[in-house]
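Here is the structure we will look at.
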Amino acid sequence: MEDKEYIFGKHPVEEFIARTPKRIQKIFMKEGIEPRFGSSIKALAKKYKISVVEVDLKKLALLSEGEQHQGVVALVSPTPMFDLKEWIAKIKIENNPCVVLMDELEDPHNVGAIIRSAAGFGASAILLAKHRQSPITGVVTKASAGTIDRVPLVRIGNINDAIVKLKEKGFWILGLDGDGDQSLFEIDMKMPVCIVVGGEGKGIREKTLDNCDIKVRIPMENKVESFNASVSAALVLYEWRKQNK
């Protein structure tokens with residue numbers, strides 16, 4: 001099912017149809033679904049001539065990867081991915097853009113949450129590795145709260161090669177690291193920045209961390225454990241946005 005993507009849940013499906021109806025291939029709905037969950041989606045499907053198929057709960061659970069689906073799952077065409085070289089050529093570096101590079105994040109909930117924060121704070125792109133990285137699935141889309149098509153997704157091969165290209169363009173590379181030598185609240189972010197977020201548990205890989213210009217830590221009080229990847233990314237994105245209003 002690698003070439004297929006599914007969106008599930010009443011509101012995510014409604015928003016997806018309203019924004020990008022051409023990407024909806026088919027909608028699966030629970031047999032005898034309650035009007036409060038099904039009527040508005042059926043109306044949208046009729047408007048855009050999208051096929052609706054009634055199925056049992058077992059089928060819906062399979063398509064939604066066991067997540068809450070509220071009786072609605074939509075089959076959609078794959079999320080568009082940009083090429084790094086083409087994207088870099090078009091980015092306006094003088095506007096001090098911010099991008100997020102995920103270094104092998106495998107939890108789809110984290111990936112979706114970071115996409116949501118990136119979209120909300122105005123990041124110019126999300127860079128996603130081809131390997132050892134959660135693919136864009138229905139879980140990612142739901143965790144992004146419907147924002148996955150509001151920020152460009154850029155597919156990259158080798159992460160360190162991508163960092164070199166970003167530096168050549170004028171980006172400063174900020175790596176999130178619990179032992180970083182600079183506090184987030186001491187950094188001047190009025191510049192083009194790439195925020196590198198490491199994988200769950202292991203953080204940014206050593207070679208990639210060595211390639212970062214600034215190793216950023218988020219100060220913690222009262223011996224509290226560090227934030228997870230998505231919360232850390234959101235804090236850095238907020239600080240970047242605050243400094244670049």
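Heavy-atom surface analysis with a 1.4 Å probe gives the range 3-75 a carbon and sulfur content of 53 percent of its accessible area. Over the C-alpha trace of the range 86-236, radius of gyration and Dmax come out as 14.3, 46 angstrom. Cα-based values for the range 119-179, radius of gyration first and Dmax second, are 13.2, 35 Å.
Normalised by 2.2 N^0.38 Å, with N the number of residues, the alpha-carbon radius of gyration of the range 154-239 equals 1.07.
Taking a ≥ b ≥ c as the square roots of the eigenvalues of the alpha-carbon gyration tensor, the range 148-197 is classed prolate because a/c is 1.5 or more and a/b outweighs b/c.
On the protein heavy atoms, probe 1.4 angstrom, tell me the percent of accessible surface of the range 108-147 carried by carbon and sulfur. That share works out to 55 percent. Surface listing: 239, 200 arranged by accessible area from highest to lowest gives 200, 239, probe 1.4 Å.
Taking every DSSP bridge with both residues inside the range 119-245, close to 5 percent are antiparallel. At a probe radius of 1.4 angstrom, the accessible area of the range 158-211 per residue rounds to 50 square angstrom. Computed over the range 90-141, the Cα gyration tensor eigenvalues convert (square root of 5λ each) into semi-axes of 22, 13, 8 Å, ordered from largest to smallest. Based on every Cα atom in the range 1-157, Rg and the maximum pairwise Cα distance Dmax equal 16.5, 55 Å.
Here is the list for the range 31-78: trypsin sites (Lys or Arg not before Pro) lying in DSSP coil, each with at most 10 other C-beta atoms within 10 angstrom of its C-beta, are 49.
Once all protein chains are placed together, residue 237 keeps about 0 Å² accessible to a 1.4 angstrom probe. The distance separating the Cα centre of the range 50-69 from that of the range 83-100 comes to 38 Å.
The values are calculated or read from the model by the stated rules, or taken from the named source; none is laboratory data. On a predicted model such as this, the values are computed, not experimentally measured, just so you know. Reconstructed Cβ throughout: ideal geometry from the backbone, glycine too, with neighbour counts over all protein chains shown. Surface areas here come from the heavy atoms of the whole protein model, side chains and all, with no ligands, DNA or RNA. Shrake-Rupley method; radii C 1.70, N 1.55, O 1.52, S 1.80 Å.
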